[in-house]
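Worksheet: one structure, shown below.
The values are calculated or read from the model by the stated rules, or taken from the named source; none is laboratory data. Since the model is a prediction, treat every value here as computed from it, not as a measurement. Neighbour counts run over all protein chains shown; Cβ positions are idealised from the backbone, glycine included. To get the accessible areas, we keep the full protein, side chains included, count just its heavy atoms, and leave off ligands, DNA and RNA. Shrake-Rupley method; radii C 1.70, N 1.55, O 1.52, S 1.80 Å.
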Amino acid sequence: PGRHKITVNTKIAKPAAAADVVIAVDGAEALRIPVKRTVAGAFSASETFDVGVDLGSPVSLDYFERAPFPFSGKIETVNVELR
């Protein structure tokens with residue numbers, strides 16, 4: 001509970017390549033995980049950048065019936081930085 005800063009840093013060499021993902025909470029690394037393969041191309045127009053709800057496809061069909069996965073908390077700010 002409370003106000004926190006969550007950072008997701010993803011390093012991808014090229015489309016469809018492996019990636020390293022680091023999630024930090026309030027500046028402290030909380031999770032570091034390698035992703036074996038990323039998306040090979042662009043996303044379709046139906047797969048959007050949603051904040052607070054996921055209007056696109058779930059990661060697994062096991063979650064399909066629970067869509068759109070609304071977040072009931074309060075999101076103060078979202079910043080996206082491409083490097």
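Go through region 1-41 residue by residue and tally those that are polar (S, T, N, Q) and closer than 16 Å to I75 by Cβ. Of the residues in region 1-41, 1 are polar (S, T, N, Q) and closer than 16 Å to I75 by Cβ. Total residues in region 1-45 satisfying the condition of being touching a strand residue (DSSP E or B) at 6+ places or on another chain (Cβ under 8 Å) and outside any loop (DSSP other than H, G, I, E, B): the figure is 21. Select from region 1-43 the residues that are farther than 17 Å from L82 by Cα and free of Cβ contacts under 8 Å to residues at least 12 places away in the same chain and write down the one among them that is most open to solvent (accessible area, probe 1.4 Å). My answer is P1.
Is it true that some residue in region 59-69 is at pLDDT below 85, assigned to a loop (DSSP other than H, G, I, E, B) and under 13 Å from the mean Cα position of the chain (by Cα)? Yes, the conditions are met somewhere in region 59-69. State all residues of region 44-58 that are more than 16 Å from T77 (Cα to Cα) and either at pLDDT 85 or above or surrounded by 10 or more Cβ atoms within 10 Å (Cβ to Cβ) (or both); if no residue qualifies, say none. Matches in region 44-58: E47, T48, D54, L55, G56, S57, P58.
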